[in-house]
Structure formats: C-alpha cells, structure tokens
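Before any comments, here is the structure.
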Amino acid sequence: MEPIRAEEGWFVLHAFYQVDRRLWAELPSSRQLECRENLEELLRNFRLGENCQANCYAVLGHKADFGIMFVDPELHHLNEVENRIFRCFEPGAVRPVYSFFSLSEVSEYMTQEKDYDRTLREKEGLAPESPEYQTKMESYRERMRFYINERLYPQLPEHRVMCFYPMNKTRSGEYNWYSLDFDTRKKLMSGHLITGRKFAGKVKQLVTGGVGLDEWEWGVTLFADDPFYLKKVVYDMRFDEVSARYAGFGDFLVGIRLDPAGLFERLQL
C-alpha cells in the first residue's frame, strides 16, 4: 500500500473514549488483564514507527474517561492504529466520544525576514552591510529554523497536564475574520503572540490545522505541569482583540498524562 504523507507537516489525532464500566466489571479478571496488556503493546509498537508518538491522558470530568494524542507522519499507519484500539478491548467495553484530526502547521502570521530586516534598519538604525546587522539576522534565521521545525515536526512534551480545545475564526456578522486584509490579521495575531510569550517555560502550545480536515478550523493543545497556567494563559488571551472579537471555541478537555498501566490504575479498571 502506497504511503500517504503530507507535503508539509505531520498528522495529529486527538481521540477520546469512555469505558462501559458495567460491561468491564462483568469480564473475568484474566480478560481485563489481557485488555490492559493489549493496549500497552499496541502503543509500544506504534511508537516504534519513525517519528510516531502517543501520549495517554486520564480526562477530568465526564466528557471522556481517557484520551490518546497521536502524532504520525503516515496516514495509513495512523488510521490502522486508531482502529486497532477497539480490538484491544472486549466489544463495546470502550466507545469513542470525541476526536479531532488535524495537521501540524506553521502560522502564516509569523515574522518574516523582510519584517525583521525593516526592524533592524528602521528601528535599530543598522545598515545591512554592518557586522551587527549580519549577526542579528543570522540569529533570527536560526530562531526561525527552530520555530518552523518545532511547529511542523512537533515532539510531544512530558508535561503532566494537557488541555485541548478546538476553535474557529468567526465568519459572519460584523466580525468576519476572513474579510480582513492580511496586514490587519497579522497585526491582531501579533498581540496574541505577545500574550502567549509571557508564559514561556510554563506552557507549551501546539496549534494544528483542521481546516478541510475536521469540523473545527484549528486544534489548540496546551501542555503544562501546573494547571494554574493553563487557566491563566487562556484567560489572559481572551482579552486580546483577536479572541474577543474573532474566535469561537469548542469544548475544553483536560487530562493528566499517564502511561497505559497508570491509566488503567487511575480509572480503577
């Protein structure tokens, strides 16, 4: 079967499940153990794939019992593993309650080399042929290479808590994001980015594109060790004009990262 790979970026799947605890309780303990071992083996084998990643989360609240975040460069491989999840369990013991399929991407609003060039020349008064200009420009290029690589080819962090939510930009009424010109949109997004930078080292963000792939346009995944900062960053960003006027949000799902064995223990299965 010919591989399906994106021209740019990796595929990302957020999959959330609930357990039928009545059915689970009726299973012999030997079968319960087999189900746990099946999931552990499935994820272990999945991670052996090149650049394949999977994190398990025990979900807070009743929207789901647990979730798995997958990253995979190859679509057949990802699709196979999402279907094999159900074969790990007794039929009906685990049912899907929500999913979001997307592709890693680089924001079109990131600072371009021409923007930084203008800053160096007009705001810092540096001539392009000066050593200081050359040093700063090369440093900028290196930062951009790191940023682009991190966004397109993300590595799931080991932070203890994850918050996922889907979002759209508004397309109706007075505030239609898609009727704004690019420069206006970029200016609005720059303010949003400034707010986000205040949480560097406390919150790691991954924004993936669902446009044309899922119901929502983007998926936002926030990772942190302290949930306070998940709450704080979302709250502070609500006051940015780009969120206050042009953003709509779906459900928020928050989970605690656990290995499969720890997940079953936490769910008391």
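Numbers below:
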| item | result |
| --- | --- |
| Residue count, the stretch 137-176 (criterion: at pLDDT below 95, surrounded by 16 or more Cβ atoms within 10 Å (Cβ to Cβ), farther than 21 Å from residue 10 by Cβ and not aliphatic (A, V, I, L, M)) | 1 |
| Matching entry among 109, 116 (being closer than 23 Å to residue 200 by Cα, touching a Lys or Arg at 6+ places or on another chain (Cβ under 9 Å) and part of a helix (DSSP H, G or I)) | 116 |
| Filter result for residue 98 (touching a strand residue (DSSP E or B) at 6+ places or on another chain (Cβ under 8 Å), surrounded by 16 or more Cβ atoms within 10 Å (Cβ to Cβ) and within 26 Å of residue 205 (Cβ to Cβ)) | yes |
| Residue count for the stretch 70-116, restricted to those that are under 27 Å from residue 261 (Cβ atoms), touching a Pro at 6+ places or on another chain (Cβ under 8 Å) and either polar (S, T, N, Q) or at pLDDT below 95 (or both) | 0 |
| Set 103, 78, 120, 126: member being in contact with a Leu (Cβ under 7 Å, 6 or more places away or on another chain) and without any contact (Cβ under 8 Å) to a residue 12 or more places away in the chain | 126 |
| Tabulated pairs, the stretch 10-25, first modelled with pLDDT of 95 or more and outside any strand (DSSP E or B), second acidic (Asp, Glu) and crowded, with 20+ Cβ neighbours inside 10 Å, C-beta under 7 angstrom, 6+ apart or interchain | 10/72 |
| Extreme residue, nearest to residue 156 (Cα to Cα), among residues of the stretch 26-53 that are touching a residue at least 60 places away in the same chain (Cβ under 8 Å) and aliphatic (A, V, I, L, M) | 43 |
| Every pair of residues 6+ apart whose Cβ atoms lie under 7 Å, when the first sits in the stretch 230-251 and is assigned to a loop (DSSP other than H, G, I, E, B) while the second is among the small types (Gly, Ala, Ser) and modelled with pLDDT under 95 | 240/191 |
| Enumeration of residues in the stretch 40-84 that are in contact with a helix residue (DSSP H, G or I) (Cβ under 7 Å, 6 or more places away or on another chain) and in a helix (DSSP H, G or I) | 40, 42, 43, 46, 81, 84 |
| Number of the condition not met by residue 104 [criteria: (1) surrounded by fewer than 17 Cβ atoms within 10 Å (Cβ to Cβ); (2) closer than 17 Å to residue 54 by Cα] | (1) |
| Residue in the stretch 124-136 that is surrounded by the fewest Cβ atoms within 10 Å (Cβ to Cβ), counting only those that are assigned to a helix (DSSP H, G or I) and hydroxyl-bearing (Ser, Thr, Tyr) | 135 |
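The values are calculated or read from the model by the stated rules, or taken from the named source; none is laboratory data. Remember, predicted model here, so these are calculated numbers, not experimental data. For neighbour counting, all protein chains shown are included, and Cβ atoms are generated from backbone atoms with ideal geometry for every residue, glycine included.
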